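Down below is the structure, laid out as structure tokens.
The values are calculated or read from the model by the stated rules, or taken from the named source; none is laboratory data. Note that the structure is a prediction, hence the values are computed from the model and not measured. Here the Cβ positions follow ideal geometry from the backbone for every residue, glycine too, while neighbour counts run over all protein chains shown. When the accessible area is computed, the model is the full protein with side chains, heavy atoms only, and any ligands, DNA or RNA have been set aside. Shrake-Rupley method; radii C 1.70, N 1.55, O 1.52, S 1.80 Å.
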Amino acid sequence: MSDRDLERNLTSIHSIAVIVGTMIGAGIFVVTGEAAAIMGPAVPLGFLVGVPVVLATAIVYSVYMSGPLGDHPGGAYMHISRTWNSTLVGYVFIWLKTVAFIGAQAVFATGFGNAMGYWPVFDFLGATEWAIVFLTAFYLVHLVGVDVFGRTQAAMTGLLVAILLLLGLPGLLHVDPGNFSPLFPAETFGSGFIAPFVAGTSAIFFSYIGFESLAQTAGETENPRETLPKVFTGSVLGVGAIYLLVSVVVLGVLPWKQVAESSTPLTDAAATYFPVGTAGIVAVGSILAYATTANSGYVAPSRILYSLGRDGLIPDALTHVNDRFGTPDVGLTITWGISVLLVATSTFSYALNVALGALVLMYLAHSLSVVALPHVNPGLYERSDLLLSPATLAAVGLFSAAAMAVFAWQTLSFGSIGNALDLLAAGRVGDALLANNVLLLAAWLLVGLLIYAGYRARTDGSLPDRLPLGFLDEE
């Protein structure tokens, strides 16, 4: 199957909406309070520190997207597998990432369902029912055309950004510099500077994740090798500025202890200077944030399946492209079905625990791959339009990889291995997995490897463990 079966109907505006809408999730309305509980009024500094980390990771993607791989979907799978010339290496990391996106879909849908409770007029359905309606609506949007998805995403993202600017910009006039003194209060930094700052910055970093979904649209974007690298870097800077604006306003208007205790810090801050309807405006913004993130979230799993099918790692049936709409209908249906199942059974916590660790590990592997690219695959490296020197690539990639290693440690060290082993010994497998992210991640990886090995056996071992550039050689 060829990428030509996918229709290139996404413009640069759609691409910007995809990455911005994905990164500005509903967490922007609450994460400032959660971070304040860890690092006090230093939260804006944490957001500022996060920008170069995300920017470095985006540059890694841009290097790959500016070359031959930029014309094809698959994202990190394509980049890692083609760098190391191995389907297995790419498969391992993208397998972990796929469940992350599907689990996140269920989380966003559940958040939307809960948010609908703000308006009594919508109480004719419960939160779970609204979550399923939410998932189904965006499934249909994606099914009928990538251009429909793009226009829908652009409209919702534009309105979301307008709401954040409407609430945030006036707040700059009410910022009290005294709220940032001391910047590192003893209540949060008394035991030492490094641990609280790293923990807070790690929590903040997850506000930025998801931007790499843009790479999955490469097969459906006009002039992707020129468009996507610019969108990656420019959008990361733009979103970083929005996050910085919100955090400065919230911490500058309210004392940090009040922010730390609030479940709606942006609402509380804006209510002190915005004339009327702050809670309602924030509620609309929150729903839009869930919507823009979930709408983009349908892209990655379906396009990953498409790419895996093209390399012969899964049955062709899973890569089917709708004859009328030019969309990967089977992949979209699988994503919708699993997401609905996770919502209906309230088991998305398992997927969520895998999600964060899986994403940072994939970022880590991806960044290390670009460091190795000039040395292990110079032919692919030299065909990138964004041809950074090997030394520059090493500096950018290692900086990103080091940050991802820290974030991975923060994420995967949550919970007690000893407690998890005790629960396993008692036969409480589910509780043990939830008690330790490492065990849960390892269990899901084992499932993926069994599927990989099983399909290799069904195809008489004919799958290439070392693959040539294939279609890239035709260009």
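Consider L96 carefully, then state whether it is modelled with pLDDT of 85 or more, part of a helix (DSSP H, G or I) and closer than 18 Å to L305 by Cβ. Show your work before the answer.
Values: modelled with pLDDT of 85 or more: no; part of a helix (DSSP H, G or I): yes; closer than 18 Å to L305 by Cβ: yes.
No, not satisfied.
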Within region 220-235, the count of residues that are at negative phi and out of contact with any Gly (no Cβ under 8 Å at 6 or more places or on another chain) comes to 11
Do we have R310 as basic (K, R), at pLDDT 85 or above, closer than 29 Å to V144 by Cα and out of contact with any helix residue (DSSP H, G or I) (no Cβ under 6 Å at 6 or more places or on another chain) here? no
When the residues of region 305-327 are filtered to those that are of a type in the set (D, E, K, R) and in a helix (DSSP H, G or I), which remaining residue is surrounded by the most Cβ atoms within 10 Å (Cβ to Cβ)? R310
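Among the residues of region 241-264, write down those that are β-branched (V, I, T) and in a helix (DSSP H, G or I).
Residues of region 241-264 β-branched (V, I, T): 242, 246, 248-250, 253, 259, 264.
Scanning region 241-264 gives I242, V246, V248, V249, V250, V253, V259.
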Lone unmet requirement of (1) touching a Leu at 6+ places or on another chain (Cβ under 6 Å); (2) surrounded by fewer than 24 Cβ atoms within 10 Å (Cβ to Cβ) for V49: (1)
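Residue by residue, here is whether (1) surrounded by fewer than 20 Cβ atoms within 10 Å (Cβ to Cβ); (2) in contact with a strand residue (DSSP E or B) (Cβ under 8 Å, 6 or more places away or on another chain); (3) not polar (S, T, N, Q) holds:
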| position | (1), (2), (3) |
| --- | --- |
| K230 | yes, no, yes |
| S235 | no, no, no |
| Y243 | no, no, yes |
| S247 | no, no, no |
| V250 | no, no, yes |
| W256 | no, no, yes |
| V276 | yes, no, yes |
| V284 | yes, no, yes |
| R303 | no, no, yes |
Exactly one of these conditions fails for A269: (1) small (G, A, S); (2) closer than 20 Å to A36 by Cβ; (3) surrounded by fewer than 17 Cβ atoms within 10 Å (Cβ to Cβ). Give me its number. (3)
Test: I38 is within 16 Å of the chain's Cα centre (by Cα) and closer than 23 Å to A269 by Cα: no
Answer from F197, F211, F180, F189 - the residue that is closer than 24 Å to Y64 by Cα and touching a helix residue (DSSP H, G or I) at 6+ places or on another chain (Cβ under 8 Å): F211
Looking at region 115-221, what helices (runs of 4 or more DSSP H) fall wholly within it and have at least 3 residues that are open to solvent by 40 Å² or more (accessible area, probe 1.4 Å)? 127-143, 146-168, 194-205
Near pairs, Cβ below 7 angstrom, 6+ apart or cross-chain, from region 76-102 (open to solvent by 10 Å² or more (accessible area, probe 1.4 Å)) to any residue that is at pLDDT 85 or above and not in a helix (DSSP H, G or I): N85/N377
Screening G70, G27, G33 for residues that are part of a helix (DSSP H, G or I) and either of a type in the set (F, W, Y) or open to solvent by 20 Å² or more (accessible area, probe 1.4 Å) (or both) leaves only G27
Condition check for T333: over 24 Å from the mean Cα position of the chain (by Cα) and open to solvent by 40 Å² or more (accessible area, probe 1.4 Å): no
